[in-house]
1. Kindly indicate which of G64, G130, G138, G110 is part of a loop (DSSP other than H, G, I, E, B) and closer than 30 Å to A41 by Cβ.
2. Quick check on region 191-202. Is at least one of its residues touching a His at 6+ places or on another chain (Cβ under 7 Å), on the phi < 0 side of the Ramachandran plot and not in a loop (DSSP other than H, G, I, E, B)?
3. Look through region 64-103, keep the residues that are over 19 Å from the mean Cα position of the chain (by Cα) and free of Cβ contacts under 8 Å to residues at least 12 places away in the same chain, and return whichever of them is surrounded by the most Cβ atoms within 10 Å (Cβ to Cβ).
4. Out of all the residues in region 42-53, which are touching a residue at least 24 places away in the same chain (Cβ under 8 Å) and either assigned to a strand (DSSP E or B) or not polar (S, T, N, Q) (or both)?
Amino acid sequence: MRRLLPAALIFLAIGPVPGTVQRFPVDNLTQRAAARPLVVAAETSGTMRYVRGWHLTSPHSRFGGFSGLARLAPDRFVLIGDNGYRTRLAIDGTGSVSDVDIGALPTPDGRPVTKAMADAEALFIDPVSGKGWIALEGINQIWRLDADLGTIESRRKLPAPRWPANRGAEAMARLADGRTVVFSEDADDDPRGRAALLYSGDPASPGPGPTRFFYDSRGKGLVSDAAALPDGRLLLVHRRLGFDPVFTTIIAILDPADIAKDAVVRSRTIGRVHRPLAENYEGAAVSVEQGRTYLWLIADDNFNTWQRSLLLQFELTGPPPPKNTPDSKKAAR
C-alpha cells in the first residue's frame, strides 16, 4: 500500500497522461537553443545561495528530458537526456547561447538510439581525458565513452540482483580517489534503505565487484543525482513528490567514509531549491571558481509542456564540516 501514492504521483508528474500535451509532435532537428534568464529573487536556503538560472528551450525535437549534467569549463555544459540524446552548449553571462550540438548517444550495435537502449540517468566527465561515464537505468549498465561521447569504449552490467528497470541506476559520481559511487533510484530490496554500489575502479571495465551498501534518505525523497565536493564528500540531490508543489528538491551531503559492505549510510541536509524554481531536477555538477564552490542543477521536463528545462547555479556558502574534525565537534555541542 505504501507504494500506491508515490506511484500515482509519479504517473501524474511525468506523464504522458490524458490531457497532457507533449512537445514536438513533428520532428525538427534544428541545432539551436536559447536561454531565458529567470527573474527570481535571490534567496538562501541553509547553506545554498541562489546565484542565477535560465529556462532552456530549443526547436530540436530531442532537446529535453535532461537527467545528467557536466560542466566542462566556465559557461560550457554537457547535458544528457533519458531519451538517449546529449546536448553540448555554451551560455555567456548575458544568457546568449552558442556552440549548440545535439546528437544521439552511441549504441552497442550501431542501430538508432532508443529510450529502452539508452535511458541515460547519470553522467560524469573526466576533466583530464574528457571521457564520459553514463549510467543506464533500463539495461542496468555503466558505459565509458570517448571524449566526443560518440564511441562506447567499454561497458559493464551492474551485478546481481538486477535493479528494477524503472528504479535502477539514477545517480553516479566519481570520488577524488578514483572510486565511483552509483545510487539506485528505488531498489529497496532491503528494509534498511535503497541499494547503492561503490566501485574501487572504473565501473565500466572488468574488475573487482563493487561494495553494496544501503542509503537511508530519511524523508528526503528519492536520489536523482550526485556530485563530488572538493573536500571528498558527496552532494546528493533528492526529489520528493507531493501536490503543491509537485516536486521538492532537497540537497544533502554524504560522507563516503561511512560506506562499507552492507552498511546503512545517511546524509545531512544543507538546503533545498526554493519554491519559485520548483521543478524535476535530475542532474547535478559542482564547480570551484576563485575559491568558491558552486552547485549546478538541470531539470528534466519529461517532454511535457507544463514542465521546464531549468539550469540553476547556487553557491555553497558553508556546508557542514566533515565528521570527526574540530569544527564538527564544536557544531555538535
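1. Residue meeting the stated conditions: G64.
2. no
3. S98
4. Matches in region 42-53: E43, T44, S45, G46, M48, R49, Y50, V51, R52, G53.
Any read-out appearing in this document is the output of simple, stated calculations on the displayed coordinates, not a laboratory observation. Just so we're clear, the structure is a prediction, and the values are computed from it rather than from any experiment. All Cβ positions, glycine included, derive from the backbone under ideal geometry; neighbour counts span all protein chains shown.
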